[in-house]
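Q: Handing you this structure, nothing more for now.
The values are calculated or read from the model by the stated rules, or taken from the named source; none is laboratory data. Model, not experiment: these values are computed from the prediction. Positions of Cβ are generated from backbone atoms using ideal geometry, with glycine treated the same way; all protein chains shown enter the neighbour counts.
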Amino acid sequence: MPPKKKRPVLHAVTVLALLGASGYLTVELRKDEQDKTPATQAVIDEPNLENGTGQQSGKQTWERLKNPARTILRGGNGQILATFTDHARTATLRGPSRTFGEPANTKSKVITEDWVRLMPEPWAEGAEKKQWFKDWFKENYGSKKEDLFAIAFQYVTGAKVKKDAQGIPYAGDAVFGPFKPDGVDRLEQNDFYDYLGISYTFRDGTTMAARKERYRALDCSGFIRMVMGYRARYPLMANNALGDGLPRTANGMARSKVGVDVIKIQGSGPWYTRPTNIDVLQPGDLLFFKMDHRTGDHMDHVALYLGLDTDGHRVFVSSRKEQNGPTIGDNGGVSRIDGNGFYAGLFRSAKRL
């Protein structure tokens, strides 16, 4: 093993300089929200945030790391406060601790200080000096606004319905899809506009119409497109061929040029090989799985990586047929990519958008 090199330390920039006078606030639950929360609610709108990080003191520094190329912000005692990956828009910011769970279907819980948000532009070396980033960071570091994790859990079993100004339900317990005529398997190809029950015009001018029988339905890639695209505003393609942005299917996403392939597809098709090193993963990454021999060399499933659960396992949330919707549960296989479980054995690649 070659000797370790010293990390390059860029010009020190304090968090306080970026944030001004902002700091953490502990959020108390609104009484009316508590009354409306169903027993199976996975995560409340304004969780009781624990001030696990506090106002950082001491000198903060920006550093460059490799594999993948990224910039991190370190606190005075060496802890990582934020991570920004070259060519990716997702940023992981350290913030108050939150607990995510799905009590209707599993005892598994994720307690995390990671808040995953989308930046307005892909990261590049030196972007911490740009005005667009300073403005974004000031607004988002320590913010209690919904991030990708909070949005994702608004579609699991028991999640309450939320409506927009036009009365369209944009969140709430989602199903995977309606049954096929055989009454056993469920139909796929259920996108976010099917869930919403609306027609949607993409940036390239293509309009897709919702199908009534698929109302409130999200398949695995439709769920990711709802969270990352419709809700968080990452650009979306109408399908795998038209327009630019995040493609329609799991295979399209896995092989697309958007974002950064932090774990590339390895080995020969159609089954490829399981990655041997998954330490490069970061909360918010997209995970891809090869599951069906009928689809040739295509990736068949996509999930959102959450990080470690309270048992120390690497877990994800995804929309699945067996559970009939988004879940971190174990119906059809435990939601882990470590160990020897069903999904762990079929995990193949990962992308950071």
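Q: Of these, ARG320, ARG294, ARG314, which one is out of contact with any Pro (no Cβ under 9 Å at 6 or more places or on another chain) and either surrounded by 20 or more Cβ atoms within 10 Å (Cβ to Cβ) or modelled with pLDDT of 95 or more (or both)?
A: ARG314
Q: When you scan segment 77-129, how many residues do you find that are in contact with a Pro (Cβ under 8 Å, 6 or more places away or on another chain) and outside any strand (DSSP E or B)?
A: Total satisfying the criteria: 3.
Q: Here's a follow-up. Within segment 307-329, how many residues are without any contact (Cβ under 8 Å) to a residue 60 or more places away in the chain and of a type in the set (A, V, I, L, M, F, W, C)?
A: Within segment 307-329, residues that are without any contact (Cβ under 8 Å) to a residue 60 or more places away in the chain and of a type in the set (A, V, I, L, M, F, W, C) number 1.
Q: Residue check: is SER268 of a type in the set (Ser, Thr, Tyr) and without any contact (Cβ under 8 Å) to a residue 60 or more places away in the chain?
A: Against the criterion (of a type in the set (Ser, Thr, Tyr) and without any contact (Cβ under 8 Å) to a residue 60 or more places away in the chain), SER268 qualifies.
Q: Say whether the condition of being free of Cβ contacts under 8 Å to residues at least 40 places away in the same chain and surrounded by fewer than 20 Cβ atoms within 10 Å (Cβ to Cβ) is met by at least one residue in segment 104-111.
A: Yes, the conditions are met somewhere in segment 104-111.
Q: Please go through segment 164-214 and pick out each residue that is assigned to a helix (DSSP H, G or I) and surrounded by fewer than 17 Cβ atoms within 10 Å (Cβ to Cβ).
A: Of everything in segment 164-214, those that are assigned to a helix (DSSP H, G or I) and surrounded by fewer than 17 Cβ atoms within 10 Å (Cβ to Cβ) turn out to be LYS212, GLU213.
Q: Also, quick follow-up: If you go through segment 276-284 one residue at a time, do you hit one that is part of a strand (DSSP E or B) and aliphatic (A, V, I, L, M)?
A: Within segment 276-284, none of the residues are part of a strand (DSSP E or B) and aliphatic (A, V, I, L, M).
Q: Do we have GLY158 as free of Cβ contacts under 8 Å to residues at least 40 places away in the same chain, part of a loop (DSSP other than H, G, I, E, B) and either closer than 30 Å to ARG211 by Cβ or touching a strand residue (DSSP E or B) at 6+ places or on another chain (Cβ under 9 Å) (or both) here?
A: Spelling it out, it is not the case that GLY158 is free of Cβ contacts under 8 Å to residues at least 40 places away in the same chain, part of a loop (DSSP other than H, G, I, E, B) and either closer than 30 Å to ARG211 by Cβ or touching a strand residue (DSSP E or B) at 6+ places or on another chain (Cβ under 9 Å) (or both).
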